[in-house]
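**Q** The structure that follows is given in the form of structure tokens.
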Amino acid sequence: MGVTLTIGELPNQRRWGLALYTLRKQLGAAVKAIKPEEWHRIVVAYEPVWAVGEGATPCSPQEAQRVHAALRKFITKKVSADAAAKCRLTYTGSVNEDNAAAYAQLEDVDGFVVGRAGLDTTKLRSIIRTLALSSVSD
């Protein structure tokens, strides 16, 4: 069985420049509890609280990549390069049919969680089609 650990920062933490500090602190608790050889069973889902909900502005793909790269680097430093390579880092912050393709192309984003857009079959079908086409071009 695997585990999905969701981490994220609040709007004020982001505004005050504490986003990465907050995320490292949250992830640090998991680092202490998970054996190095078990990281292949872990999914770390980055969910910026400020980017979720009706009318929220999603994290830009560039910012999502920056954060995911920092999280992977943190796991490399605190656990191992092998653990960082084997765990999956996902983005879960207002992914929809308009931005899924951009997130799918990011080097350190291994996938994403679809929330509200997944409730609409037309939107979900569009997201899945985007991912299928993205996988073919890789």
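The values are calculated or read from the model by the stated rules, or taken from the named source; none is laboratory data. Small disclaimer: the values here were computed from a predicted structure and weren't measured. Cβ atoms come from the backbone with ideal geometry, glycine included; neighbour counts cover every protein chain shown. Heads up: the accessible areas ignore ligands, DNA and RNA and are worked out on the full protein's heavy atoms, side chains in. Shrake-Rupley method; radii C 1.70, N 1.55, O 1.52, S 1.80 Å.
**Q** Using only Cα atoms, what is the ratio of the radius of gyration of the chain to 2.2 N^0.38 Å?
**A** Its radius of gyration relative to the 2.2 N^0.38 Å reference: 1.05.
**Q** Which angle between 0 and 90 degrees, to the nearest 10, do you get for helix 19-33 versus the longest principal axis of the chain when only C-alpha atoms count?
**A** Helix 19-33 and the main axis of the chain meet at about 60 degrees.
**Q** Which stretch or stretches of the range 1-21 have amide N atoms under 12 Å from the point lying 7 Å from Val52's Cα along the Cα→Cβ direction?
**A** Under cut-off, by backbone N: 5-11.
**Q** Tell me the mean residue ellipticity at 222 nm calculated for the chain from its helices only (DSSP H runs of n ≥ 4, each -39500 (n - 2.57), averaged over every residue, nearest 500).
**A** -14500 deg cm²/dmol
**Q** I'd like the orientation of helix 61-78 relative to the chain: the angle between its Cα long axis and the longest Cα principal axis, in ° from 0 to 90, rounded to 10.
**A** Once rounded, one gets 20 degrees.
**Q** What distance in nm lies between label points placed 7 Å from Cα along the C-beta direction at Val31 and Val3?
**A** 1.6 nm
**Q** Using amide H atoms built 1.01 Å from N in the peptide plane, name the residues 5+ places from Leu5, or on other chains, whose amide H lies under 5 Å from its own.
**A** Val43, Val44, Ala45
**Q** Please list, by residue number, everything in the range 95-122 whose backbone N is under 19 Å from a paramagnetic label point 7 Å out along Cα→Cβ of Lys73.
**A** The answer is 106-110.
**Q** Provide Trp16, Trp39, Trp50 ordered by accessible surface of protein heavy atoms (probe 1.4 Å), highest first.
**A** From most exposed to least exposed: Trp16, Trp50, Trp39.
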